[in-house]
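Each value in this text was obtained by applying a stated rule to the coordinates, not by laboratory testing. Since we're looking at a predicted model, the values are computed, not measured. Virtual Cβ from ideal backbone geometry, glycine too; neighbours counted across all protein chains shown.
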Amino acid sequence: MIELESYLNGEWKAGTGKKATLKNPATGEAVAETSTSGLDFAAALTYARDVGGPALRAMTFAERGAMLKEMSKALHEVRDELIEASIINAGTTRSDSKFDIDGATGTLAYYAGVGKRLGDRTYLVEGEGEQLTRGARFWGHHLLVPRRGVAVHINAFNFPAWGLAEKAACALLAGVPVVTKPATSTILPAYRLMKTLVDAKILPDGALSFVCGSAGDLVTHLGPQDVLAFTGSGDTGAMLRRMDNVIERSVRINVEADSLNAMVLGEDVEAGSDTYQMFIRHASREITQKTGQKCTATRRVFVPEAIIDRVIEDLGEALSVVTVGNPHLDEVRMGPLSNEQQHRDVRAGMAKLIESGCKVVWGDPEKVELIDADAAKGCFVGPVLLRNDAPGESTLVHELEVFGPVSTIMPYGSLDEAVSLVARGEGGLVASCYCDDKKALGQWILGLAPHSGRVLAGSKKVADQAISPGMVLPSCVHGGPGRAGGGEELGGERGLNFYLQRTSVQGDRALLDRVLDLKA
Ligand code: NAP
């Protein structure tokens, strides 16, 4: 059994006491163990602030970008090893593992490009500034400088590699050291990733530390220059927001949480058309990719009442090719859920939705046919499609995120009704609408936007190009209002803002231009 360690104060350290066991969710076998008890997180944060911070701030954006590029390259070289770690610890198929690993290297490479573009500066100035009084000389600028603290990143179990890399890319490029804490149950790929980066000696000492297991008292040591970026369940996010030091010391916090993402099929779309086929393809992918364990996966599907039976038939047909079983095999399209708790939660969640009035119209919540796997040992469920004919009168279907390969299909009568049904989710990461009627498409986009961090507009001209709505791109913001946590990450250069202090500077325009090096 491998014993994993944390990387703190520039060295690998094992915790003491009771260890958490990481399992292979396809077989139930133990693959590694880890503990963080006894580790001094206060000292680790101080080390990151005092050693990693100055080293990063001394680098220009271009130099930090070059560092991210090296990180991306080093990880790409061990891609197969990372994929294997993901398969055995997260239960992801090769394709789903690649989604996580390539997402990590791709995001680092993307931010390497942002760093190159920002060039030989160590801070940013927004826009041209403004004249502040009648005289033309007294001028105001907005400066963005790296915070002097540390960024603590706490991530969910479903994207061990991408979650670590997407947050680290923005913080490191901004010039802020990181202490990253992936979820314990699927930490093996993140551990391998961290080992690779440490061995490659790409980062300055103290720039990236790694907590391998429970967070312990980590967050209690954060102060006014520090930031906390959290991804996970709404309950944990709310608990972190309520922590005394987070409130009293104004620790900047970003929360990415649960989401009941929705897809809507426009009234104008004919069954069988290109736009319709794209909708079916996207829905099927969103239900089954990563066994439905994506924060951006579609949980609610709204379709015009007149076409609901046809959609169920076509979506069922698309789902019928999804084979389930041993994630090592190429012929398997969907692996198990990532851990035993997830398995229990997904089954309990489906039972609650069914009890609340949803009917099973495709799949079986109790059993699934498996390829080369034992249902008694692994955390398997098959894709399940539910139907709810009274979404206006139902509550649970808009509230309960079942974090697995499960979606509920529901009818709507009008565009306004559909928008208000989507809004019942109280804030999502992504909503997608499929529509070719220009006027209606505008109404969909503007209706869905206040409730979603991202809107995908699927129409015939992009039917063969559009990515499915669950895919997060580094160039577009990720996050959403309300239940989704109210946070925002990525979005190109915007992703750096969380780590930078925006300060307005007022003074003599010519002097500021010189001092801030604005004429360069
Ligand atoms: P979780 O149970 O809230 O755990 C998330 C992270 O928080 C883990 O690293 C966990 O560590 C840590 N944690 C738990 N208690 C903590 C505490 N008291 N102090 C500090 N850290 C603590 O969520 P999950 O089960 O991993 O993830 C599933 C949820 O995440 C789903 O609801 C999904 O929608 C959401 N999610 C959202 C996004 C997004 O971008 N919006 C992305 C992915 C997932 P341990 O593992 O060590 O307990």
Problem set entry | the chain: antiparallel DSSP beta bridges as a percent of all, rounded to 5 | 40 percent
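Relative contact order of the range 421-520: what whole-number percent is it, with Cα pairs under 8 angstrom and at least 6 residues apart?
Relative contact order, the range 421-520: 25 percent.
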Exercise. Of 500, 243, 218, which is farthest along the charge dipole of the chain in the positive direction, counting Lys and Arg as +1 and Asp and Glu as -1 at C-beta?
Worked result: 500
Seminar exercise, completed: Sorting 443, 391, 410 by the position of each Cα along the dipole of the range 374-466 (Lys, Arg +1; Asp, Glu -1; all at Cβ), the one nearest the positive end of that ordering is 443
For this session: Describe numerically, in nm with one decimal, the distance between label points set 7 Å from Cα along Cα→Cβ at residue 505 and at residue 241.
Result: 3.4 nm
Exercise. What ranking do 139, 12, 444 get, fewest neighbouring Cβ atoms within 10 angstrom at the top?
Worked result: 12, 139, 444
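Which order do the peptides 500-513, 288-301 come out in when sorted by mean C-beta neighbours inside 10 angstrom, highest first?
The most tightly packed comes first, giving 288-301, 500-513.
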For this session: Tell me which residues come under 5 Å, amide H to amide H, from residue 93 once H is placed; ignore anything under 5 positions away on its chain.
Result: 335
Exercise. Among the GluC sites (Glu not before Pro) within the range 341-392, which fall in a DSSP loop and have no more than 15 other Cβ atoms within 10 Å of their own Cβ?
Worked result: 366, 369
Problem set entry | Within straight-line cross-link reach of residue 294, lysines at Cα separation under 21 Å, skipping those fewer than 8 residues along the same chain | 23, 98, 167, 181, 352
Problem set entry | Förster radius 25 Å - calculated FRET efficiency between residue 117 and residue 200, Cβ distance, rounded to 0.05 | 0.55
Exercise. Cβ under 11 Å from residue 149's Cβ, residue 149 left aside: what net charge do those residues give with Lys, Arg +1 and Asp, Glu -1?
Worked result: +3
For this session: Work out from phi, with θ = phi - 60° and the Karplus expression 6.51 cos²θ - 1.76 cosθ + 1.60, the ³J(HN,Hα) of each residue of the range 383-392, listed in order in whole Hz, and give x for Gly and Pro.
Result: x, 9, 10, 10, 10, 10, 8, 10, x, x
Exercise. Roughly how many debye, to the nearest 20, is the charge dipole of the chain about its Cα centre, given +1 on each Lys and Arg Cβ, -1 on each Asp and Glu Cβ, and no other charges?
Worked result: 1660 debye
